[in-house]
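Contents: one structure, followed by commentary.
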Amino acid sequence: MFKKIRYRLLFSYIVVLASILVIFAIAVRIYFQSSLARATREELIALGEGAAASAKFENNQVLFENEFPIKEITANHRALQWFDTQGNLIYQQGIDTINLRVSFTDKEQIQAGKNPVQSVTLPILGNEDGKLIGYVRVSKSLKEINELLSILDLGLGGGIILSLLLSSLGGVYLTAQAMQPIEESFQRLKQFTADASHELRSPLMAIKSNARVALKYPDGMREGDTEKFQDIISATNQMTCLTEDLLFLARNDKNPHHKKESVNLTKILENLVQLYKPQAEAKEIKLICELSENIELLGDSGELKRLFTNLIENALHYTLSSGEIKIKTSHVNSYILVEIQDTGVGIAPENLNKVFERFWRGDNSRSYHSGSSGLGLSIASAIAQSHGGLITVSSQLGVGSCFGVSLLAKVVT
Ligand SMILES: Nc1ncnc2c1ncn2[C@@H]1O[C@H](COP(=O)(O)OP(=O)(O)OP(=O)(O)O)[C@@H](O)[C@H]1O
Ligand SMILES: [Mg+2]
């Protein structure tokens with residue numbers, strides 16, 4: 001149980017941490033990318049303004065001032081293009097140039113060949129009259145920036161994976177530390193239940209034997225005392241059953257592995273059917289048996305007897321007279337399936353997953369089974385689990401219930 005809680009805690013912790021790291025990585029990526037784009041744009045605008053100021057147009061040709069460092073500007077994957085006022089290309093310098101007419105609707109980032117290119121287009125105005133004489137477009141290949149971003153992606157991705165791995169290791173330690181006090185107090189609670197149940201045995205036995213002695217020698221008793229003593233014995237029997245059930249569950253929680261001897265399940269079921277036949281007949285319930293011969297499995301015969309006793313008793317308690325109870329066995333792969341089907345009062349769909357909870361009793365149990373404690377199915381389920389199996393239930397209100405017990409079959413060598 002605690003293992004499951006630990007795994008769930010660890011999983012939630014990792015999911016939360018992973019979400020935070022991914023959000024952080026996306027934020028870093030977006031900020032870095034937009035900073036690079038802004039810096040590139042500013043760089044291109046500065047270059048474009050320089051290029052626009054140092055160029056003159058004469059006879060459809062661009063003339064540069066002597067000191068204009070065109071070669072240096074067009075290094076590092078940058079390109080310069082000059083256009084006339086109609087947008088026709090007049091001159092260009094650089095490798096990653098854009099083969100498009102100029103227009104102010106130009107997107108700032110376009111694909112030129114293999115690489116994306118960022119560009120800025122600026123108007124060139126005449127020195128004297130300020131009239132538009134052409135355009136200059138400065139562009140830069142984003143190959144290097146994209147390579148930089150890929151390295152950043154790799155770094156962020158690797159960082160997230162590494163931090164998740166390290167945090168998982170830390171998480172395992174932390175969840176173990178957090179669960180330890182809870183586990184300890186749960187163990188103490190179980191120990192207390194076991195001790196209390198054990199300690200209650202002797203006083204209950206004493207009450208019962210004293211009441212029996214009193215009943216054996218009724219001389220001097222007042223009228224009605226006999227009934228009172230009988231009530232005491234019946235209440236003591238009930239309490240003894242409850243303490244035995246609690247003790248069993250507490251011990252089973254502590255050590256769920258039991259002895260494994262070869263058990264003949266068919267014999268156990270046949271004996272139980274013989275035992276409960278008079279009770280069924282008294283209630284006019286038809287007890288039908290469809291048992292395979294000599295079913296063998298490895299387990300604890302006493303516990304298996306207890307498991308099926310609880311199920312058969314339930315079927316008898318919660319089936320009205322002239323009903324029917326069928327006990328059937330079958331083989332399903334490496335499991336033996338025992339089905340106990342009744343035509344009883346049934347269980348409401350919303351209560352189906354509650355019936356195996358400790359001390360849970362349906363409203364029907366109060367009217368059909370007054371001495372019930374609500375531990376019978378918890379014990380049956382614990383026994384089935386310690387035998388490598390489980391119990392399932394299907395039921396319909398007013399129609400009946402079917403409890404299926406699957407147990408690991410004995411491997412024949
Ligand atoms: N065959 C059945 N038909 C209808 N309801 C059932 C059947 N078996 C169990 N239940 C319901 O499930 C509840 C839990 O069953 P469980 O055997 O654990 O407790 P109980 O029978 O009430 O008490 P006890 O501890 O004496 O067995 C019952 O109170 C009853 O409401
Ligand atoms: Mg019961």
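Every number here is computed from the coordinates shown, using simple stated rules; none is lab data. Quantities reported herein were computed from a predicted structural model and do not represent experimental measurements. Positions of Cβ are backbone-derived with ideal geometry, glycine not excepted, and every protein chain shown enters the neighbour counts.
Summary of values
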| read-out | value |
| --- | --- |
| Virtual spin-label span in nm between residue 294 and residue 75, 7 Å along Cα→Cβ | 9.6 nm |
| Value of [θ]222 nm, deg cm²/dmol, for the chain, DSSP H segments ≥ 4, -39500 (n - 2.57) each, nearest 500 | -18500 deg cm²/dmol |
| Separation in nanometres of the label points that stand 7 Å from Cα toward Cβ, at residue 86 and residue 184 | 9.1 nm |
| Relative contact order (%) - the range 261-408, alpha-carbon pairs under 8 angstrom, separation at least six | 24 percent |
| Shape metrics for the chain, restricted to C-alpha atoms - Rg then Dmax, Å | 43.0, 143 |
| The range 238-255 - phi-based ³J(HN,Hα) in whole Hz, Karplus 6.51/-1.76/1.60, Gly and Pro as x | 4, 5, 5, 4, 5, 5, 5, 5, 5, 4, 4, 5, 5, 5, 5, 4, 6, 9 |
| Rough spin-label spacing in nm, given labels placed 7 Å along Cα→Cβ, for residue 390 and residue 43 | 6.2 nm |
| Distance-filtered residues of the range 380-396 - backbone nitrogen under 19 Å, label point 7 angstrom along residue 261 Cα→Cβ | 383-384, 386-388 |
| Hz values of 3J(HN,Hα) by residue in the range 188-195 - Karplus curve (6.51, -1.76, 1.60), Gly and Pro given as x | 5, 5, 5, 4, 4, 4, 4, 5 |
| Over the range 152-254, relative contact order from alpha-carbon pairs under 8 Å, at least 6 apart, % | 36 percent |
| Under-5 Å amide H pairs with residue 346, H placed in peptide plane, nonlocal only | 398, 400, 401 |
| Packing-based exposure ordering (other Cβ within 10 Å, fewest first) of 29, 222 | 222, 29 |
| Cut-off 18 Å (backbone N to label point 7 Å along Cα→Cβ of residue 225), residues of the range 200-214 | 207-214 |
| Relative contact order %, the chain, counting alpha carbon pairs below 8 Å whose residues are six or more apart | 10 percent |
| Whole-Å distance, taken between Cα centres, linking the range 382-413 and the range 268-296 | 17 Å |
| Set of lysines near residue 326 by C-alpha distance (under 27 Å), chain-local residues within fewer than 8 positions excluded | 267, 277, 283, 286, 305, 354, 410 |
| J(HN,Hα) series, the range 165-175, from Karplus relation 6.51 cos²θ - 1.76 cosθ + 1.60, nearest Hz, glycine and proline x | 5, 5, 5, 5, 4, x, x, 4, 5, 5, 5 |
| Global geometry of the range 152-254, whether rounded, prolate or oblate, following the gyration tensor of its Cα atoms and the 1.5 cut on a/c | prolate |
| Burial ordering of 257, 387, fewest other beta-carbon atoms within 10 Å first | 257, 387 |
| 12 Å cut-off, amide nitrogen to a point 7 angstrom out along residue 127 Cα→Cβ, residues in the range 26-63 | 53-57 |
| Burial ranking of peptide ranges 311-323, 284-296, 268-280 (average Cβ count within 10 Å, highest at the top) | 311-323, 268-280, 284-296 |
| GluC sites (Glu not before Pro) restricted to DSSP loop in the range 191-250 with at most 12 other C-beta within 10 Å | 223 |
